[in-house]
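Every number in this text was worked out from the coordinates using simple rules, so none of it is lab data. Bear in mind that the values here come from a model prediction, so they are computed numbers and not experimental data. With ideal geometry, Cβ positions are generated from the backbone for all residues, glycine too; neighbour counts draw on all protein chains shown.
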Amino acid sequence: MNACASCHGAEAKGDGPLAEFLTVEVSDLTQIAARNDGVFPLIDVIHIIDGRTGGRPHGDPMPVWGQRFKEAMGEAGPYASEIVVRGRILSLAYYIESIQAE
Ligand code: HEC
């Protein structure tokens, strides 16, 4: 709700309040497995959310969450902040996996 619903919508269906202002379509996050032959691509989803791994160019409408979450950790130090960043991203990926449409 904090970071994702503005674009993806409260139900993650790609219909958040900012979606109409973007020039690309916002993904329906409940259909990822359905679009991938019924298999949820956990590692790909982690890379997409993180955004620091080179999978997508910077300046894409989808923010680089790995960087944002790291900045939010402030002075926690590189080790602690990276652990928290990865934990947040993994939690998001598991959550998205849990809301896949049948
Ligand atoms: C500023 C709008 C915006 C916000 C905020 C946003 N996204 Fe996205 N997201 C997009 C757009 C646009 C796409 C489709 C284009 C793309 O894949 O880059 C997308 C695609 C995705 C995809 C890929 C879906 C697929 O079918 O391949 C995932 C996963 C995702 N977002 C997760 C998240 C998560 C998790 C958050 C919150 C931490 C988030 N997004 C926040 C705009 C946003």
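With point charges of +1 on the Cβ of Lys and Arg and -1 on the Cβ of Asp and Glu, referenced to the Cα centre of segment 5-72, which listed residue (ILE32, VAL45, TRP65) lies farthest in the positive direction of the dipole?
About the Cα centre, the residue reaching furthest to the positive side is TRP65.
On full extension of the chain, what length is gained from GLN100 through PHE40, given 0.36 nm per residue of separation minus the C-alpha to C-alpha distance?
20.8 nm
Restricting to Cα pairs below 8 Å that are 6+ residues apart, what does the relative contact order work out to for the chain? Please round to a whole percent.
24 percent
What number, rounded to the nearest 500 deg cm²/dmol, is the helix-based mean residue ellipticity at 222 nm of the chain, given -39500 (n - 2.57) per DSSP H run of at least four residues and division by all its residues?
-12500 deg cm²/dmol
Checking the a/c ratio against 1.5 first, then a/b against b/c, what shape does the Cα gyration tensor give for the chain?
Judged from the Cα gyration tensor, the chain comes out prolate (a/c at least 1.5, a/b above b/c).
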